[in-house]
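The values are calculated or read from the model by the stated rules, or taken from the named source; none is laboratory data. Here the structure is a predicted model, which is why all the values come from computation and not from measurement. Because the Cβ atoms are built from the backbone with ideal geometry, glycine has one as well, and the counts that use them run over all protein chains shown. Just so you know, the surface numbers come from the protein's heavy atoms only, side chains and all, with ligands and any DNA or RNA stripped out. Shrake-Rupley method; radii C 1.70, N 1.55, O 1.52, S 1.80 Å.
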Amino acid sequence: MSTDIPDAQNQPQTDTDKPLDLAAVRKEIDALDLQIQSLLNQRAAAALKVAKVKLAEAAGKPVDFYRPEREAQILKEVASRNGGPMSDYAVQRIFREIISASLALEEPMRVAYLGPEGTYSHAAADRHFGFAVQSVPESSIADIFHAVETGRVRFGVVPVENSTEGAINLTLDLLTQSSLRVCGELSMRIQHCLLSRSESLDDIKTVHAHPQALAQCRHWLDANLPNAERISESSNAAAAKLALEHPEYAAIAGETAGKLYGLNSLVVGIEDDRNNTTRFLVIGDQDIPPSGDDATLLMVAAPHRPGGLRHILAPLETAGVSMTRIESRPSRSALWEYHFFIAVTGHQHDSNLSPVLDELRELTPLLKVIGSYPRAL
């Protein structure tokens with residue numbers, strides 16, 4: 001009986017059907033690596049040319065080598081043209097490190113974070129700026145502000161909000177007092193690990209962590225370590241240091257801290273909310289030009305009368321400006337009066353937002369633009 005279906009065994013092999021030759025594939029990779037390295041050095045040389053142009057145009061005045069809006073544009077373009085198989089995130093991470101290394105050739109940059117080493121703030125600073133910057137640990141959020149204000153570092157990375165525990169009030173209060181601006185933002189998924197020198201939960205007598213981390217793991221601790229004492233520390237990394245010294249201690253911290261201090265990860269992912277995320281702000285003394293996809297943080301004082309806040313928000317709604325979050329803090333100038341932190345989409349110099357800000361200045365006794373900056377990727 002005849003058939004129109006060809007005999008697969010008798011068909012000639014195409015290039016995609018032929019067995020792969022490992023040596024040949026490795027040779028192909030080596031050739032590609034040579035091309036990549038050559039292009040990286042060419043890009044670095046071009047970055048040095050950019051530095052020379054900026055210095056010449058500045059004519060002795062201070063130069064902003066780091067341009068967050070330009071970096072955001074590059075990384076968004078990287079994602080838009082990515083065709084795989086690597087994810088957009090993976091490709092962006094590679095290009096961020098390329099940008100970081102190139103920027104270090106133009107100007108070595110120091111960035112402060114909430115220390116010690118191994119904190120989530122440390123990880124956030126590395127993620128936002130890349131590993132070519134010099135990360136400087138500070139003992140408090142106030143110290144980060146001071147380090148930037150005095151010029152000891154160029155930028156600081158501070159936590160401002162957690163998805164489960166809410167706003168970081170100290171950060172908001174310091175923003176009201178400081179002349180620094182917000183220059184960037186990032187959100188980071190927080191995955192807590194139980195770290196210890198011990199290898200068994202049965203050996204754990206006390207659990208040490210920052211108060212927020214203890215709160216974020218409350219239900220897991222109740223179910224799995226109900227008899228262990230919970231002790232608050234200044235940071236999760238400080239807790240990891242203590243756990244290194246005492247085998248009966250456990251710390252709640254990230255995997256980075258566990259690797260840094262040589263601790264065992266007894267359990268990974270003990271946070272009660274799997275979507276636990278912290279938002280960080282980058283603070284500096286630099287005004288950031290529009291990137292095309294920006295956010296603006298405002299601080300306003302509402303008139304002390306019925307409907308005062310609604311009166312202030314009305315121009316935003318009329319102009320079609322999207323408000324993404326709002327927080328209130330006591331004004332400290334009068335009893336029961338508050339300042340409101342309002343985040344909106346758009347840049348303060350955008351044609352739709354700029355006139356709204358002018359209108360708000362007429363409506364409120366206080367309007368402070370804390371910063372316009374590229375939205376988090």
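If residue 27 meets every condition in (1) closer than 20 Å to residue 290 by Cα; (2) open to solvent by 50 Å² or more (accessible area, probe 1.4 Å) apart from one, which number is that one?
Every listed condition holds for residue 27 apart from (1).
In the stretch 139-152, how many residues are over 25 Å from residue 239 (Cβ atoms) and touching a residue at least 24 places away in the same chain (Cβ under 8 Å)? Explain how you work it out, then say what you get.
Narrowing the stretch 139-152 to residues over 25 Å from residue 239 (Cβ atoms): 148-152.
Applying the additional criterion that residues be touching a residue at least 24 places away in the same chain (Cβ under 8 Å) yields 148-149, 152.
Here the count works out to 3.
Quick one: residue 44 ticks every box in (1) farther than 27 Å from residue 125 by Cα; (2) surrounded by 10 or more Cβ atoms within 10 Å (Cβ to Cβ); (3) not acidic (Asp, Glu) except a single one, so which number is it?
Result: residue 44 fails condition (1) only.
For the stretch 61-82: of the residues being open to solvent by 80 Å² or more (accessible area, probe 1.4 Å) and assigned to a loop (DSSP other than H, G, I, E, B), which is farthest from residue 111 (Cα to Cα)?
In this case the residue turns out to be 81.
Would you be able to tell me the number of residues in the stretch 281-302 that are part of a loop (DSSP other than H, G, I, E, B) and in contact with a Phe, Trp or Tyr (Cβ under 7 Å, 6 or more places away or on another chain)?
Quick first cut of the stretch 281-302, residues part of a loop (DSSP other than H, G, I, E, B) only: 285-293, 302.
Now narrow it down to the ones that are in contact with a Phe, Trp or Tyr (Cβ under 7 Å, 6 or more places away or on another chain): 288, 302.
Looking only at that region, the number is 2.
Please specify each residue of the stretch 83-97 satisfying the condition of being out of contact with any helix residue (DSSP H, G or I) (no Cβ under 7 Å at 6 or more places or on another chain) and either open to solvent by 50 Å² or more (accessible area, probe 1.4 Å) or assigned to a helix (DSSP H, G or I) (or both).
Here is the first cut: in the stretch 83-97, the residues out of contact with any helix residue (DSSP H, G or I) (no Cβ under 7 Å at 6 or more places or on another chain) are 83-87, 89-90, 93-94, 97.
Correct list: 83, 85, 86, 87, 89, 90, 93, 94, 97.
Yes or no, residue by residue, for (1) part of a loop (DSSP other than H, G, I, E, B); (2) out of contact with any helix residue (DSSP H, G or I) (no Cβ under 9 Å at 6 or more places or on another chain); (3) not aromatic (Phe, Trp, Tyr):
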position: 273; (1), (2), (3): yes, no, yes
position: 279; (1), (2), (3): no, yes, yes
position: 310; (1), (2), (3): no, yes, yes
position: 318; (1), (2), (3): no, no, yes
position: 321; (1), (2), (3): yes, no, yes
position: 329; (1), (2), (3): no, no, yes
position: 339; (1), (2), (3): no, no, yes
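Being of a type outside the set (S, T, N, Q) and surrounded by 22 or more Cβ atoms within 10 Å (Cβ to Cβ) is the filter here, so list the residues in the stretch 191-202 that pass it. Reasoning before the result, please.
Taking the stretch 191-202 first, the residues of a type outside the set (S, T, N, Q) are 192-195, 197, 199, 201-202.
Passing the criteria: 192, 193, 194, 195.
Yes or no, residue by residue, for (1) under 25 Å from the mean Cα position of the chain (by Cα); (2) open to solvent by 60 Å² or more (accessible area, probe 1.4 Å):
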| site | (1), (2) |
| --- | --- |
| 204 | no, no |
| 209 | yes, no |
| 215 | yes, no |
| 223 | no, yes |
| 230 | no, yes |
| 239 | yes, no |
| 245 | no, yes |
